Amino acid sequence: MIKDIYENEVGYMVGTFYADIFGYEIEAWFKKDISLDYVEKNIEYLNNLDREFLVKICEALRRYYEDYTRIVPDLCEDIPQDIIKDFEKDPISILKYINLGTYEFDNYSTTDENIPVINLSGDCAWSGDEGVTIAAKNNCLLYVGPWTEFNVWTSASNEMFNYAMPKEI
């Protein structure tokens, strides 16, 4: 599943895997003391996400897109105008406008090793240098928004630009 594993210059183990739901390869980053079994178990989880949970992620990405275009419309001239054109018919269509590069794994307690986590970061078509981070733990969306260093075990989810939760809540 994960291939070409090596240690990078900052001491992380890095390998690549094919992300079925995105249709391309993503790098997995993890510290040496994190087991490869744990990493692969979470990759398997990502590749088999429940459609309902995947739609929740896509709905949060839509909120991020809509808020970004509302807040900084002058920076949106060059972004594709059809990002949410097909959203009502197929919410997952928004995924073609993101390009995730890393799936990061943080240290966890052995009591938590069976809790599935997602911590993806990369680019999105609408926010230029700010990119996107998607973080979830145990099928609960914790963060969707501009790139941030997010630890699913310790980070608070009350970021100002966190679109994981609908604004009505």
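Can you tally the lysine pairs in segment 1-60 where the Cα-Cα distance is under 17 Å and the two residues are eight or more apart, or on different chains? Show your work: numbers first, answer last.
Values: Lys3/Lys31; Lys3/Lys32; Lys3/Lys41; Lys31/Lys41; Lys32/Lys41.
Eligible lysine pairs with Cα atoms under 17 Å apart amount to 5.
Hey, what's the per residue convex hull volume over the C-alpha atoms of the chain, in cubic angstrom?
Values: hull volume 21.2 nm³, N = 169.
Convex hull of Cα atoms, per residue: 126 Å³.
Using the alpha-carbon centroid of each, what span in Å lies between segment 60-74 and segment 24-45?
Cα centroid of segment 60-74 versus Cα centroid of segment 24-45: 31 Å apart.
FYI, it's all coordinate maths here, none of it is from the lab. Worth saying up front: this structure is predicted, and the values here are computed from it rather than measured.
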